[in-house]
Amino acid sequence: MTADPNAATQGFPVPPPAHRRPHPARCLVPALVAAAVAVVLGAYGRIHHPTGTAFNLAGFSSTSAVKSWLATTAFAFALVQLVSAFMVYGRLPGPSWAPALHRWSGRVAFLVAVPVAVHCLYALGFQTYEPRVLWHSLLGCFFFGAFSAKMLLLRSERLPGWLLPVTGGLVFVVLTVIWLTSALWFFRTFGVTT
């Protein structure tokens, strides 16, 4: 008796599809974009002649006060995003709208951080005159690169389950250090003023 090789294999269990590893480009492209964004921002900040001011808002005593309050607002929304991320990943109990809270708090944090970055790059440039300022400049450029990578990774499929939370955590930690070396330093040095 011969078997027909084209016959259906009914009765035999179909093996589950093999879990394919993601192509390295799925992680490499976001990493390259992150590096490019960070380097371009750093290069611009280094070669651009600082203007001393980029914007000011009525009611604030200086552009540094505006920058510090905007940075603090961005940091507060980043804290909301951190807590909501723990809810989304089931590490904390949370409401059904935790994913929406996570997305919107991240959007607001980014939108508030952009004018701060514009002020830093345009008005102050990439500075290195003391360690605090050097770290602030380096991490400011790195933040926008890491954020770009995170946004690209959000749309990728078949990534390792740990990659997006680690990238998001890195973005949060870097933003925290940026806030510590700028807004908190300003408030401790000049007082909590507007």
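The values are calculated or read from the model by the stated rules, or taken from the named source; none is laboratory data. The shown structure was predicted, so the numbers you read here are calculated from the model rather than taken from an experiment. Backbone-built Cβ (ideal geometry, glycine too); neighbour counts: all protein chains shown. Surface accessibility is based on the protein's heavy atoms, side chains included, excluding ligands, DNA and RNA. Shrake-Rupley method; radii C 1.70, N 1.55, O 1.52, S 1.80 Å.
Annotations
- Probe 1.4 Å, accessible area per residue of the chain, Å²: 64
- Of every Cα-Cα pair in the chain, the percent that sits beyond 31 Å: 33
- Accessible surface of the range 121-172 [probe 1.4 Å, protein heavy atoms]: carbon and sulfur percent: 69
- Förster radius 25 Å - calculated FRET efficiency between V118 and W97 (Cβ-Cβ, nearest 0.05): 0.20
- Mean Cβ count within 10 Å, highest first, over the residues of peptides 182-193, 70-81, 152-163, 102-113: 70-81, 102-113, 182-193, 152-163
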